[in-house]
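Beneath this line is the structure, given in C-alpha cells, with notes to follow.
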Amino acid sequence: MLAMNYRGPFRVRADRNRPYPEIMHPRDAIVRVTRSCICGSDLHLYHGLVPDTRVGSTFGHEFTGIVEEVGEEITTLKVGDHVLVPFNIACGTCSFCQQGLYGNCHESNPEATAVGGIFGYSHTAGGYDGGQAEYVRVPYADVGPTIIPAGMDLDDAVLLTDVVPTGYQAAEMGGIQKGDTVVVFGAGPIGIMAARCAWLFGAQRVIIIDHIEYRLEFARQYAKCEAYNFRSIGDPVFFLKKATDYYGADVCIDAVGCEAAGSAMQTFTGRKTLLQAGSATALHWAINAVKKGGIVSIVGVYGPTWNLVPIGNVVNKGITIRANQASVKRLLPKLVDHVMAGRLNPKELITHRVPLEEVSDAYHIFSQKLDNCIKTILIPPRAEAAA
Amino acid sequence: MKTEITPTPIHPAPGAGTDLPGWGIDADPTNNPTHPMKHYTGADHDRLNYPRALQQTRTVEVLQSNERPTLTRVFGTAVPPSGVSGMLRRYAFRFSEGSAGHWLTLILADRINAMEGIADDLRHGTVPNIFAERGWNAAWKHDRKNVIKRVAIGAAITAAVVTFAVMHKAGKKKLSI
C-alpha cells in the first residue's frame, strides 16, 4: 500500500511498498484512510527532535477513515462505518481512562510511561504506524473511533481528531472566566483554534502573538482576536504588561512548544544544539506575561528531558500551570455539537489539499511556512470517491 | 521471560494520619487544578488493579520502559530495533525516563538510524532521491529565490574548499622540490 515513509530528519517520501496493516489484537480495527492531516507536532518528528523516531515509520495522528475489518471483540463498529479517530490510543478501562484522561492511557504505550499511545508519533509514543497512509491499524477500536455524524463535512471531522480538541482544551485548562484577557502564543492551527475557543468560555479580550504575518492576519479574521508580531512590538512581555494596564494577562496559553523562535539563546540551546528539549521561548513569555495568581495553559509539545523556564517566577507569582495532551474522547460530544451548530468551523483552517503521493512537498511547505500554509490535509488515492 | 506482577493497592497503615478526626473533611474535588479535566473517582488509589484487555502477542522485539512492570496490553510494532541503532536503543532502555542517558542515547540512535536507512536503501537497489525527499520540488515552486541562494552558497563554499585544497597541495609540492 501507499504510505508516508520517514527516512531521517527533513526527509520523507511516499512509498508504494509498505505492508498492509493486520489485526493484532481482538480489539483492533483496520481503517481505510479518507483524510489525514499534517499536524504542527509532526514537524517535531520531521525535524528529528523527538527521541526514538525510527527510519521506516509512518507518521499521522489526525485521520478519518472507513472501517475495513474489525477484531473479534469489536461490537461498536462494523465494516463500512466512516469514523474519525482520536489521536490518543486509549484502552478505556485503566485508572486514567476511567477518569477521563484518555490522553494518558496506561495500557497503550510500553515504551514510555510519561506519554500515552499516539498514532504515528515515534516509538516514544508506542511505536504505532500512523494515518498518512492508505490503511492503518487502530487498536482499542471500541474506545476512540467515533462514527462521523450524518451531515458533518469530512474536513470538519478530520480536524476533530486533534486540532479542535487540543485548541479547546488549551482554553478549557486556562480556567477562563467571563471578562478575562487571554493571550495565546503561537498562531498555528492549534493557537488559532485556542483563540477562537477562548470566546466560548467568556473571554473579554483575546490576543495572539506570533511572527509570521500571514498567520497573524488569518488569526485576526478567523478567531476575531488582536494579533501582534513579536518582531515588531519590542519585548513581548513588556508589551503585554502595558496592554493589560501593567497587570498581566489573566490567562496565557502556550500553543507553540519546542520550536519557538524569538530568543537567540533558547533557539541555540533548544533547536540547534539540543542542550535542552527544544526552545522554551513561548513558555518563558507566558509565565512572565501572566498576572500574579494567573493560569498558564500548555499544549505546545516539548521533549522529555529538560527546559529552561523561569520556575522562580512561577513560585513567586503563584501561577498555576495546567497542561496535558487533549483528551479527545472526553471532549468529542461537546465539540461535535459546536461544529454541527456552526459555533466552530474547523475546515476553514485548511489551506492545502495534497495527494498522499506528494507528501515530501507537503511537509516542506508546512515546515517552511510557504504559500501561506495554515493546515495541510493529505488525500490518499480512492479517498475522494469514498467521501 | 518476564513474570507478570500484580500490583497491590496502597492501604493506609493503621495508626497513620488518616485515622485522625477530621481527616478528609475539607476535601473538595472541584478545588483541583485538573478539574474538570479529570473526573476524579478515586481509581488512582487502586493503582494498576483495573480491568484489562487481552494481551497482544509479542511477534517482534518491543522495548519496554523500566518504569513499568509489564508490557501494555496493546503496543505498536512499526519498526523493531535493528542494527547499531537498535543496540543503542536497547542500551537506552536500561535507564529510566528521568535519565539523560535514556533520551540522549535514543537521539544518537536516531541519527545513526538515518545513515542506516540510506545504506538499507542502497542494499535494496534504491538510490534515495534526497532532494525529492526534502521537498525541493515544492521549494523550487514556492521559494525559488531561497533555493537559488542556498545552491549558490553551497557552490561557493565547495569552490573555496576545492581551491584551497588544490593550492595547499601545490604549495606542498613546491616545498618538496
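Bear in mind that the values in this text are calculations on the coordinates, not laboratory data. Owing to the predicted nature of the structure, the values given are computational and were not obtained by experimental measurement. Positions of Cβ are generated from backbone atoms using ideal geometry, with glycine treated the same way; all protein chains shown enter the neighbour counts.
Quick notes
- Student exercise, segment A:260-367 dipole from Lys, Arg, Asp, Glu Cβ charges, in Debye to nearest 20: 600 debye
- Structure remark: mean-square fluctuation, Gaussian network model of chain B, C-alpha springs under 10 Å; the largest value among B:Arg111, B:Arg90, B:Arg47 belongs to B:Arg47.
- Listed by chain and number, the aspartates and glutamates whose alpha-carbon sits under 17 Å from that of B:Lys38, ignoring those within fewer than 8 places in the same chain, are A:Glu172, B:Asp28, B:Asp46.
- Near A:Val184, the amide H atoms lying under 5 Å from its own belong to A:Ile207, A:Ile208, A:Ile209, A:Ile253; only residues 5 or more places off or on other chains count, and H is placed 1.01 Å from N.
- Ranking of A:Thr166, B:Thr41, A:Thr124 by count of other Cβ atoms within 10 Å, fewest first: B:Thr41, A:Thr124, A:Thr166
- Note on chain B: GNM, Cα springs under 10 Å; of B:Asp26, B:Asp44, B:Asp110, the largest mean-square fluctuation is that of B:Asp26.
- Using alpha-carbon coordinates, inclination of helix A:213-223 to the longest axis of chain A, degrees: 80 degrees
- Non-local lysine pairs in segment A:167-323, meaning eight or more places apart or on different chains, with alpha-carbon distances under 24 Å, amount to 17.
- Candidates A:Lys178, A:Lys292, A:Lys347, ranked by Gaussian network fluctuation over chain A, Cα under 10 Å, top entry: A:Lys178
- Between segment B:30-104 and segment A:321-372, the alpha-carbon center distance in angstrom: 27 Å
- Alpha-carbon centroid distance for the pair segment A:1-62 / segment A:126-172, whole angstrom: 15 Å
- Using alpha-carbon coordinates, inclination of helix B:83-92 to the longest axis of chain B, degrees: 40 degrees
- Interchain or long-range residues, amide H under 5 Å from A:Gly100's placed H: B:His39
- Mean partner shielding of peptide A:119-131, defined as the number of other chain Cβ atoms within 10 Å of each residue Cβ, is 4.
- Only helices enter this figure: runs of n ≥ 4 DSSP H residues, each worth -39500 (n - 2.57), summed and divided by the residues of chain A, yield -7500 deg cm²/dmol at 222 nm to the nearest 500.
- About the Cα centre, charge dipole magnitude for segment A:29-75 (Lys/Arg +1, Asp/Glu -1 at Cβ), debye: 260 debye
- Cα gyration tensor shape of segment A:310-387, rounded if a/c is under 1.5, else prolate or oblate by comparing a/b with b/c: oblate
- Between B:Ile153 and B:Val60, residue separation times 0.36 nm minus the direct Cα-Cα distance comes to 28.9 nm.
- On Cα atoms only, tilt of A:189-200 relative to the major axis of chain A in degrees: 70 degrees
- Note on chain A: dipole from Cβ charges, positive end direction compared against A:His47, A:Gly130, A:Val328; the farthest Cα belongs to A:His47.
- For segment A:252-387: rounded, prolate or oblate by the Cα gyration tensor [a/c cutoff 1.5]: oblate
- Taking A:Asp245, A:Asp254 and counting other C-beta atoms within 10 Å, the order from fewest to most: A:Asp245, A:Asp254
- Stretch gain in nm, segment B:Ala100-B:Phe131, where the contour uses 0.36 nm per residue and the Cα spacing is subtracted: 7.8 nm
- Arranged from fewest to most other beta-carbon atoms within 10 Å of their beta carbon, A:Arg343, A:Arg13 become A:Arg343, A:Arg13.
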